[in-house]
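What follows is a set of notes on a single structure, which appears directly below.
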Amino acid sequence: MRIDLTQRFFNADDTVALDAQTQKPLTLKHFLIQACLAEFTGERNHQGPVPVPPDQKGPRYALYLEIKKAGDYADLSAEDVVLLKKAADIFPTLLRGQIHEMLEGKSQNTSKTPPKNRKQSEREPGEGKLS
């Protein structure tokens with residue numbers, strides 16, 4: 001399955017989610033790398049957060065390496081997508097939902113969409129303004 005890693009995330013108010021330090025749009029690649037490297041599963045039990053099981057650490061690390069070296073796209077197996085969706089459980093609902101849609105190919109949200117075809121809320125700051 002070919003996944004576009006440049007897909008952008010949106011805040012609840014439909015504005016593009018930006019990295020606090022760089023002010024660049026946050027992409028699927030960014031969050032998949034974070035999910036692969038997470039120490040916990042997103043689940044909790046009576047002892048607190050549940051650590052990633054040892055048998056998942058190797059596959060997660062392999063996916064991390066593949067995604068990190070990928071350009072704009074990654075060719076992932078169905079098993080890889082299942083693992084990434086499970087790894088995304090560490091994120092809040094808004095992020096997790098967008099990640100699942102992107103991995104399932106349900107999102108039409110890519111950075112390759114021409115500015116004139118995107119809603120104003122999807123545009124970069126200053127993009128689409130008349131000079």
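For the stretch 1-92, would you read off the P(r) tail past 18 Å as a percentage of all alpha carbon pairs? Let's see the in-between values first.
Numbers: 2040 of 4186 pairs.
Of all Cα-Cα distances in the stretch 1-92, 49 percent exceed 18 Å.
Do you know the Lys pair count in the stretch 2-114 for C-alpha distances under 14 Å, with sequence separation 8 or more or different chains?
Close lysine pairs found across the stretch 2-114: 5.
I need Phe9, Phe31, Phe40 ordered by Cβ neighbour count within 10 Å, fewest first.
By the 10 Å Cβ count, ascending, the order reads Phe40, Phe9, Phe31.
Computed from the coordinates by the stated procedures, all read-outs in this text should not be read as laboratory data. Predicted model only: the values in this text are computed from it and were never measured. Ideal geometry is used to build each Cβ from the backbone, glycine not excepted, and the neighbour counts take in all protein chains shown.
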